[in-house]
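Participant: One structure, as structure tokens, below. Some questions next.
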Amino acid sequence: MMYDILDDKTMNFLRDRFGIIGESDLMREVIIKLLKVAPTDLTVLITGETGTGKEVFAHALHGLSDRNSQPFVSVNCGAIPETLLESELFGHEKGAFTGAVEQRKGFFEVAHKGTIFLDEIGEMPIATQVKLLRILESGEFSRIGSSEVRKVQVRVIAATNRDLNYEVRNGRFRQDLFFRLNSFQLHLPSLRKHKEDIPLLAEFYASRIAKKNRVSYKGYTDEALDYLESLSWPGNIRELRNVIETVSTLEHGRMIDQNMIVKQMGEQDGMHSHIPHDQAIMLTSQMQQAQFPQETDIVFRTLLEMKNDLIEIKRALGAIFEKTAQLEMQAQRAAEQSITEFPVITNTALPYPDEFSQDAQFNLEEMEKQLIRSALIKYAGNRRMAAKVLGISERTLYRKITDYQLTDSEL
């Protein structure tokens with residue numbers, strides 16, 4: 001059956017059964033892909049930012065397949081300690097390691113004939129990736145502490161908010177595993193890219209919580225919906241759902257207006273504006289820490305992303321200086337040997353600004369600032385290209401530009 005055009009019956013079914021909602025062109029395109037790949041046994045890689053609904057779509061892939069009567073096992077690879085992940089996935093024999101007091105089946109055995117969902121696959125250690133590749137290729141594995149080869153028949157769905165191509169290039173993810181997982185990719189857009197779906201999502205979550213609490217549902221004012229659409233939603237659909245469900249619960253079924261949402265979001269003076277993305281991240285993190293302890297993972301992941309961005313900048317700096325040293329050594333050898341067929345490389349031809357000369361004295365922040373400035377100059381102020389070559393997100397680049405007070409006149 002072809003799903004090039006989605007009818008109301010199909011959309012209502014997906015909403016009621018799985019909570020998948022979206023009338024925008026962007027979401028309809030994703031839903032069509034979902035309906036086409038779900039009945040197959042293809043391995044699916046779901047990508048997208050945190051909170052975009054990757055696990056919801058994984059459940060739908062299983063529920064719309066012939067495996068829907070078999071187990072669906074969800075595994076968060078980033079939440080299980082690295083030393084335990086292999087045991088959790090593939091199982092272990094009694095006495096295989098300290099603490100293994102009994103034989104245990106792994107998640108793959110539990111999911112036999114069904115579906116296993118590997119969330120945050122980008123966090124999986126390289127050693128475990130090797131065993132995962134084996135089970136994807138042949139269905140074979142061995143429990144820890146056993147030489148017996150076992151076989152399972154499982155459909156694998158993986159998800160990540162990382163750029164696995166980038167992880168492969170940096171040696172943190174196996175290329176062969178990436179190719180195997182990427183048989184079919186389903187990319188879920190961030191909520192800010194399909195804001196026209198926010199009213200539908202808000203209506204769905206409010207009516208659902210009203211039904212659960214057995215109170216009447218009066219709807220929203222137009223100003224409230226406009227306000228919801230004006231926000232950045234760095235936590236995406238998960239953040240929107242939490243805000244709506246909390247407001248609906250606290251207001252006991254009353255019509256939801258803008259002031260109720262503003263109050264819940266923790267804003268001051270009823271300010272109605274388009275909140276800058278970085279400010280929205282800070283505001284949302286504070287709100288969730290104070291009022292939604294069950295969603296503190298958004299806060300932690302934001303901090304981890306910032307840490308990873310800094311690590312990548314340091315690695316880029318190291319690579320540049322290593323390359324620079326190589327070029328200087330080559331130039332020196334060429335000059336000493338009087339090789340005329342190759343042009344002598346001088347310091348003025350080196351691919352870095354004067355501030356990075358060997359005699360310069362600077363700290364890590366100054367190095368980072370100069371690297372960002374050089375990238376922006378190279379790409380004529382194009383933030384997207386500069387962020388790409390630096391290996392960081394545009395959000396991080398904008399924050400760094402502000403932190404270092406880099407102005408257009410300097411670029």
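The values are calculated or read from the model by the stated rules, or taken from the named source; none is laboratory data. No experiment lies behind these values; they were computed from the predicted model shown. Neighbour counts are summed over all protein chains in view; Cβ atoms, including those assigned to glycine, are modelled from backbone coordinates with ideal geometry.
Participant: Residues that are small (Gly, Ala, Ser): list the helices (runs of 4 or more DSSP H) wholly contained in the stretch 1-71 that include at least 1 such residues.
Facilitator: Those helices (runs of 4 or more DSSP H) span 54-63.
Participant: Return the total of residues in the stretch 44-72 being surrounded by 21 or more Cβ atoms within 10 Å (Cβ to Cβ) and of a type in the set (Phe, Trp, Tyr).
Facilitator: Number satisfying all stated conditions: 1.
Participant: Tell me which residues, restricted to the stretch 143-163, are under 28 Å from Arg67 (Cα atoms) and not basic (Lys, Arg).
Facilitator: Ile144, Glu148, Val149, Val152, Gln153, Val154, Val156, Ile157, Ala158, Ala159, Thr160, Asn161
Participant: While we're here: Phe179 is checked against (1) in a loop (DSSP other than H, G, I, E, B); (2) more than 20 Å from Val56 (Cβ to Cβ); (3) not polar (S, T, N, Q) and fails just one. What number does that condition carry?
Facilitator: (1)
Participant: Can you confirm whether Arg28 is closer than 23 Å to Thr160 by Cα and basic (Lys, Arg)?
Facilitator: Criteria met by Arg28.
Participant: Does the stretch 58-69 include one or more residues that are farther than 11 Å from Thr115 by Cα and in contact (Cβ under 8 Å) with a residue 60 or more places away in the chain?
Facilitator: Checked against the condition, which is being farther than 11 Å from Thr115 by Cα and in contact (Cβ under 8 Å) with a residue 60 or more places away in the chain, the stretch 58-69 yields no hits at all.
Participant: Which one is nearest to Thr47 (Cα to Cα), of the residues in the stretch 168-189 that are in contact (Cβ under 8 Å) with a residue 24 or more places away in the chain and surrounded by fewer than 17 Cβ atoms within 10 Å (Cβ to Cβ)?
Facilitator: The qualifying residue nearest to Thr47 (Cα to Cα) is His187.
Participant: Can you work out which of the residues in the stretch 231-255 that are under 16 Å from Tyr205 (Cβ atoms) and touching a Ser or Thr at 6+ places or on another chain (Cβ under 7 Å) is modelled with the lowest pLDDT?
Facilitator: Gly253
Participant: Among the residues of the stretch 104-147, count how many are under 16 Å from Ala79 (Cβ atoms) and among the aromatic types (Phe, Trp, Tyr).
Facilitator: Residues meeting the conditions: 2.
Participant: Would you check if Ser24 is surrounded by 15 or more Cβ atoms within 10 Å (Cβ to Cβ) and either within 27 Å of Val110 (Cβ to Cβ) or of a type in the set (Lys, Arg) (or both)?
Facilitator: no
Participant: Is there any pair linking a residue in the stretch 17-43 that is touching a residue at least 60 places away in the same chain (Cβ under 8 Å) to one that is assigned to a loop (DSSP other than H, G, I, E, B) and charged (D, E, K, R), with Cβ under 9 Å and at least six apart or on different chains, and which?
Facilitator: Asp41/Asp66; Asp41/Arg67
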